[in-house]
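Read-outs: derived from the displayed coordinates by stated rules, not from any lab. Treat the numbers as computed from the prediction; the structure is a model and nothing was measured. Using ideal geometry, Cβ is built from the backbone for each residue, glycine included, and neighbour counts are taken over all protein chains shown.
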Amino acid sequence: MPTNTSYNKQDLKVLLLEGVHPVAEDIFRRDGYDNVTYHKTALSESELLDTIRDYHFIGIRSRSQLTESVLNAANKLVAVGCFCIGTNQVNLDAAQSRGIPVFNAPYSNTRSVAELVLGEMIMLLRGIPAKNAAAHRGEWHKSAAQSNEARGKTLGIIGYGHIGTQLGILAEGIGMKVRFFDIENKLTLGNAEQVAELNDLLSSSDVVSLHVPETPETKGMMGQTQIAQMKQDSILINASRGTVVDIDALAQALEDKRLAGAAIDVFPTEPKSNSEEFQSPLRAFDNVILTPHIGGSTQEAQENIAIEVADKMIKYSNNGSTMSAVNFPQVSLPEHDNRHRILHIHHNRPGVLTQINQILSENNVNISGQYLQTQGDLGYVVTDIEDGSSQTALDKMRQIEGTIRARILY
Ligand SMILES: NC(=O)c1ccc[n+]([C@@H]2O[C@H](COP(=O)([O-])OP(=O)(O)OC[C@H]3O[C@@H](n4cnc5c(N)ncnc54)[C@H](O)[C@@H]3O)[C@@H](O)[C@H]2O)c1
Ligand SMILES: O=C(O)CC[C@@H](O)C(=O)O
């Protein structure tokens, strides 16, 4: 249901990129945000620099890079929606320091990734990708050589989070033994076993599958040394982030017949659009499944993501709630029917709350509810008020030292 706001929703411009599921556009329009621009592709940095200044909301997937310069140009930007899990394509600190929350969908496509990896693992253990490629060329490789059941084999999962755990359960369901390596101590599901050292996992697994985020520590974490620690004729799967595996080292291990195969969904450099050629040394190998970053691309996942992220952006716009923002203090707010709500975003320093309340008191504004949350250098104070001059109070709050932005909802 459209809610009343202090602004005209039709004046707020929404830019949806990278073919996010169309239900996102429907959700914005249904709530009264009629000014939606929808693109099937990503925009380059220079295109974003030209375009973003007009928009209040932007929805992207993993290709569009919201760098500090792009965010500098985004004068009107209120919030960013990443219609995916990963948020490494956004400079989160730069967004935070400008008071822009970034939302994502941390769970909606995890099952899709786990299912794809399970399928790839079974295919690779049977040597199907190479046999399939040969059959397409007219060759007939009827042989059981290097063709194995998954039952009884060991799957080593690196990163036992939302995807890693689901994969572990699915793999145990077909009789695999599951071991995992994670930097955190994790509650193990099923009969999975956490191992303390990465090389222990690598040297004992028939299949190694990566499910870590992109961080400084995971960049290149599967390099020449780690790949050399993997068992002879084992399989490497990466559907996490392209920077995690050294592709040249993997290509060399395949060339040397150290590994039996691989499945790679994410790459250090990915084409910006479907019309750009995909370049990779892995194209030379029949025993490698190459997929165009579609681990989470199912109808079910994309629709759920669109609903989740569009709802979060609209809720923030209409009501100020920031639940599950990845770079912002998280506040879950009740509706504010018949009350004005002032949102104040500031650098987290002592005395700001006192000054806000002083201003409200001096303007005879009666507070009916107040919420404060901080994260790092950012403070977020939400004040519901019943009477008094809210616009004057807002104008004064904007003068408080350290204020990044403030707005009012009614
Ligand atoms: N291919 C796709 O289309 C696709 C789709 C969804 C997610 N992803 C990517 O998959 C990855 C995992 O997603 P998730 O939802 O399971 O994330 P998650 O945050 O739930 O789990 C990540 C796990 O990795 C662990 N970890 C972090 N750093 C580590 C390190 N250095 N060594 C070992 N473990 C480490 C964390 O403790 C956590 O348990 C993310 O990079 C995400 O962007 C890709
Ligand atoms: O949809 C995408 O572009 C990214 C999918 C995936 O990598 C994610 O981070 O959720």
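Start at zero, step by 5 Å, and the Cα-Cα distances of segment 335-410 spread as 3, 17, 33, 26, 15, 5, 1 percent across the bins. If the Kirkwood radius is taken over C-alpha pairs of the chain, then at 37 °C and 0.692 mPa s the Stokes-Einstein diffusion coefficient equals 140 µm²/s. Given +1 at the Cβ of Lys and Arg, -1 at the Cβ of Asp and Glu and no other charges, the dipole of the chain around its Cα centre is 240 debye to the nearest 20.
Across segment 156-234, C-alpha contacts under 8 Å between residues 6 or more apart give a mean separation that, scaled by the residue count, equals a relative contact order of 34 percent.
Semi-axes of the equivalent ellipsoid for segment 12-51, computed as √(5λ) from the eigenvalues of its C-alpha gyration tensor and ordered from largest down, come to 20, 12, 5 Å. Overall, the anisotropy analysis places segment 208-290 in the oblate class: the square-rooted eigenvalues a ≥ b ≥ c of its C-alpha gyration tensor yield a/c not less than 1.5, with a/b not exceeding b/c. Structural descriptor for segment 31-86: relative contact order 39 percent, calculated from alpha carbon pairs under 8 angstrom and at least 6 residues apart.
For the peptides 21-28, 205-212, what is the packing order when you average, over each peptide's residues, the other Cβ atoms within 10 Å and list the highest mean first? It would help to have the intermediate numbers written out before the result.
Values: 21-28: 18.9, 205-212: 26.1.
Put in order of decreasing packing, that is 205-212, 21-28.
When the charge dipole of segment 221-367 is built from unit charges on Cβ atoms (+1 for Lys and Arg, -1 for Asp and Glu) and taken about the Cα centre, the candidate among ALA249, PHE328, VAL365 whose Cα reaches farthest toward its positive end is VAL365. Where only DSSP H runs of four or more residues are counted, the chain gives -9000 deg cm²/dmol as its mean residue ellipticity at 222 nm, each run worth -39500 (n - 2.57). Farthest toward the positive end of the dipole of the chain, out of PRO281, ILE356, SER147, is the Cα of SER147, where the dipole comes from beta carbon charges about the Cα centre. Database remark: amide H of LYS177 closer than 5 angstrom to the amide H of GLY152, LYS153, THR154, LEU155 (H placed geometrically; neighbours at sequence offset of 5 or more, or on other chains; Pro and chain starts carry no H).
Helix 110-125 axis versus longest C-alpha principal axis of the chain: approximately 10°, rounded to the nearest ten. The angle separating the long axis of helix 352-362 from the principal Cα axis of greatest extent in the chain is about 30 degrees. Projection of the Cα convex hull of segment 191-256, averaged over all directions and equal to a quarter of that hull's surface, yields 4.6 nm². Compactness of segment 86-231 was expressed as the Cα radius of gyration divided by 2.2 N^0.38 Å, which yields 1.24.
With contacts taken as Cα pairs under 8 Å at a separation of at least 6 residues, the chain carries a relative contact order of 15 percent.
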